[in-house]
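Everything below concerns the one structure shown next.
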Amino acid sequence: MSPIEVKRRKFLGLFFLGLSLRFSRAYNSISMTNLKDTWVSVLTRIEPTIQRTHFVTWFQSTSLVELKNSEVGKVAVIGVPTVFAMDWIVGKYRIKVLQAVQEIDKDVKDLEFQVVGIGGVDVSQISSRPEKKARKVRNKLEIDLGNGVRSKMLNERYTLDSFISGGENRLPHAAATAVANVPGGIYNPMYIYGGVGLGKTHLLQAIGNAILKDDPEKVVRYITAERFVSEVVEAIKRGEMNRFKGRYRDVDVLLLDDVQFFAKKKSSEQEFFHTFNELYEANKQIVLTSDRPPSELEDLDKRITSRFSMGMVTEILMPEFETRVAILQQKSSEAGMLIDPEVLEFIAANVTTSIRELEGVLRQVIAEAQIEDRVPTVKCAADVFKKLYRAKEIIGYDIEKKRLDRSIMTSRDVMEAVCCYYRVTVDELVGDVRKKEVMVPRQVCMYIIRHELDESFEKIGEDFGGRMHTTVMNACNKVLKKIKKDSRLIRDINAIKKEIGL
Ligand code: ADP
Ligand code: MG
């Protein structure tokens with residue numbers, strides 16, 4: 001080799017070494033700066049190691065919030081959509097996640113979890129597996145039933161997406177989603193209980209709709225306990241008990257509504273007990289609803305009620321104000337009617353017993369406005385409310401003076417609570433700083449003052465350093481829009497309101 005050739009090779013060697021060093025450093029810094037890409041790499045490592053359905057259920061909408069330095073060393077902060085998902089990931093996958101993170105950044109020593117609401121990575125695209133082949137056509141009975149069940153028994157309006165979950169109802173919704181993703185999994189049976197008109201049937205059928213959407217060949221059967229009882233009676237009368245049994249034992253998913261109706265119906269209860277056991281043992285998903293917890297189903301056999309509690313028992317409660325407003329917003333847009341948020345808030349403030357009533361009042365308000373060919377107003381909603389419930393006291397509306405009622409709370413009280421909550425000063429809050437840390441509290445504060453104290457946009461503008469009323473209006477609208485998607489914001493607003501007794 002000539003001396004020139006040796007030099008050239010040395011040069012090239014050094015060049016490539018330099019390049020590869022730079023490349024590996026660049027790679028590290030990319031993974032540091034681009035949190036989303038890093039998180040996708042982590043998920044790509046986790047995905048092949050756990051069941052697909054579990055992966056999608058628990059890692060959907062997760063994110064890497066930050067990599068921070070702490071006393072123990074570098075910590076990866078993982079964002080999760082719900083407390084429920086957080087408990088699961090921490091309980092079952094913590095080590096897996098940590099190992100996957102360390103494969104990408106070996107300096108990470110620990111993980112932290114934060115509930116950050118929806119957002120994060122859509123994991124549906126992360127897959128190391130070949131597409132699932134279409135399943136063979138199943139026997140005729142099942143197909144008939146499957147199709148029949150779908151079109152006849154499930155209301156397609158009841159979906160997991162159209163169920164607005166907020167605050168208290170996050171858990172039942174998250175659990176229903178988990179069941180729909182992994183039918184026959186750990187939440188079997190699932191038992192949903194709660195008062196009338198709070199969305200039990202909606203959630204129950206939403207599970208069925210979601211499972212069928214995922215796999216139209218699944219045999220899903222929805223039935224009320226009342227109807228089950230009459231089917232049993234009918235089958236006994238006609239001597240067709242075997243056919244009856246076959247019909248239920250061939251299902252993949254049994255959705256049984258209002259089990260409290262089994263009380264004192266001994267033969268139906270027994271029949272159900274056998275069906276339940278067979279399905280359960282075959283890992284078929286069973287979802288039940290009732291107006292009370294299993295322990296209070298006094299007239300039912302203890303052997304049955306104890307089985308109801310073996311999987312997941314979850315209570316559905318009346319959602320709090322913000323969620324009620326979000327539900328009304330959704331229902332009014334479903335009805336194709338744009339309604340002033342103030343009217344929706346008025347209804348949400350006054351109807352506190354059930355979502356069915358909430359819908360009823362809204363429907364009536366829309367109907368009356370349509371008949372009279374005008375837009376719904378708070379006054380009109382107050383009239384409907386008075387008529388339907390003979391109410392003497394209406395929150396937010398002064399019957400005597402026929403105008404909105406003001407609370408004794410002042411804007412200043414709200415400002416102080418907001419500042420304390422977000423750790424900003426009142427000067428910053430009313431000032432001009434446009435940093436996110438101050439803008440969000442400012443908007444939230446304006447929103448609470450407007451919606452809870454019914455203060456005018458002009459007055460709020462004055463209180464906030466002489467801003468235009470349109471600025472305040474925009475801020476309030478922004479919050480109203482964000483509330484729909486941002487569970488954290490709802491929690492923040494609720495916490496502040498609670499603090500000042502609103
Ligand atoms: P239940 O079975 O508990 O008596 P339903 O499921 O029949 O109540 O619900 C009554 C009505 O309220 C239905 O129209 C349902 O769509 C609606 N609803 C209840 N909860 C919600 C929710 N969280 N989001 C949207 N709609 C809801
Ligand atoms: Mg119901």
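Within segment 436-474, track down each residue that is closer than 18 Å to R491 by Cβ and free of Cβ contacts under 8 Å to residues at least 12 places away in the same chain.
Pass one, segment 436-474, residues closer than 18 Å to R491 by Cβ: 436-437, 440-441, 443-445, 447-448, 451-452.
If the condition is that a residue be closer than 18 Å to R491 by Cβ and free of Cβ contacts under 8 Å to residues at least 12 places away in the same chain, then K436 is the only one that fits.
Can you name every residue in segment 262-296 that is modelled with pLDDT under 90 and within 16 Å of ligand 2 (Cβ to nearest atom)?
F262
With the condition kept exactly as written, say whether any residue in segment 89-106 is modelled with pLDDT of 85 or more, assigned to a strand (DSSP E or B) and either surrounded by fewer than 18 Cβ atoms within 10 Å (Cβ to Cβ) or not aromatic (F, W, Y) (or both). Write out each step before concluding.
Quick first cut of segment 89-106, residues modelled with pLDDT of 85 or more only: 89-90, 93-106.
Keeping just the survivors that are assigned to a strand (DSSP E or B) gives none.
No - not one qualifying residue is present in segment 89-106.
Anything in segment 330-344 that is part of a helix (DSSP H, G or I), within 16 Å of ligand 1 (Cβ to nearest atom) and surrounded by fewer than 20 Cβ atoms within 10 Å (Cβ to Cβ)? List them, or say none.
Restricting attention to segment 330-344, the residues satisfying the condition of being part of a helix (DSSP H, G or I) are 330-334, 341-344.
In the following step, the residues that additionally are within 16 Å of ligand 1 (Cβ to nearest atom) were identified as 330-334, 344.
Within segment 330-344, Q330, S333, E334 meet the criteria.
State the number of residues belonging to segment 305-318 that are touching a residue at least 40 places away in the same chain (Cβ under 8 Å), touching a Leu at 6+ places or on another chain (Cβ under 8 Å) and away from ligand 2 (no atom under 16 Å from the Cβ).
1
Might you check whether a residue that is away from ligand 2 (no atom under 16 Å from the Cβ), modelled with pLDDT of 50 or more, part of a helix (DSSP H, G or I) and of a type in the set (A, V, I, L, M, F, W, C) occurs anywhere in segment 153-173?
Yes, because at least one residue in segment 153-173 is away from ligand 2 (no atom under 16 Å from the Cβ), modelled with pLDDT of 50 or more, part of a helix (DSSP H, G or I) and of a type in the set (A, V, I, L, M, F, W, C).
Starting from residues that are more than 17 Å from the chain's Cα centre (by Cα) and within 12 Å of ligand 2 (Cβ to nearest atom), keep the ones in segment 174-200 and report whichever is nearest to V351 (Cα to Cα).
Once the filter is applied, the top-ranked residue is G197.
Okay, residues lined up against (1) closer than 23 Å to N477 by Cα; (2) at pLDDT 85 or above; (3) of a type in the set (D, E, K, R); (4) touching a Phe, Trp or Tyr at 6+ places or on another chain (Cβ under 6 Å):
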residue	(1), (2), (3), (4)
S333	yes, yes, no, no
M337	yes, no, no, no
E342	yes, no, yes, no
I347	yes, yes, no, no
E357	no, yes, yes, no
L362	yes, yes, no, no
V365	yes, yes, no, no
E368	no, yes, yes, no
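Can you tell me which residue is modelled with the highest pLDDT among those in segment 492-502 that are surrounded by fewer than 16 Cβ atoms within 10 Å (Cβ to Cβ) and part of a helix (DSSP H, G or I)?
Among them, the one singled out is A495.
Give the residues of segment 201-228 that are of a type outside the set (K, R), over 24 Å from the mean Cα position of the chain (by Cα), more than 16 Å from ligand 2 (Cβ to nearest atom) and crowded, with 18+ Cβ neighbours inside 10 Å, sorted by residue number.
The answer is V219, and nothing else.
Among the residues of segment 192-200, is any surrounded by fewer than 20 Cβ atoms within 10 Å (Cβ to Cβ) and touching a Lys or Arg at 6+ places or on another chain (Cβ under 8 Å)?
Pass one, segment 192-200, residues surrounded by fewer than 20 Cβ atoms within 10 Å (Cβ to Cβ): 195-197.
Checking the rest, the ones that are also touching a Lys or Arg at 6+ places or on another chain (Cβ under 8 Å) come to 196-197.
Yes, segment 192-200 contains a residue that is surrounded by fewer than 20 Cβ atoms within 10 Å (Cβ to Cβ) and touching a Lys or Arg at 6+ places or on another chain (Cβ under 8 Å).
With the condition kept exactly as written, say whether any residue in segment 466-483 is exposed (fewer than 14 other Cβ atoms within 10 Å of the Cβ), part of a loop (DSSP other than H, G, I, E, B) and either modelled with pLDDT of 90 or more or charged (D, E, K, R) (or both).
Yes, segment 466-483 has at least one match.
Counting only residues that are in contact (Cβ under 8 Å) with a residue 12 or more places away in the chain, assigned to a helix (DSSP H, G or I) and surrounded by fewer than 16 Cβ atoms within 10 Å (Cβ to Cβ), how many does segment 371-382 have?
1
The values are calculated or read from the model by the stated rules, or taken from the named source; none is laboratory data. Please read these numbers as outputs of a predicted model, since none were measured by experiment. In this analysis, Cβ positions are derived from the backbone assuming ideal geometry, glycine residues included, and neighbour counts consider all displayed protein chains.
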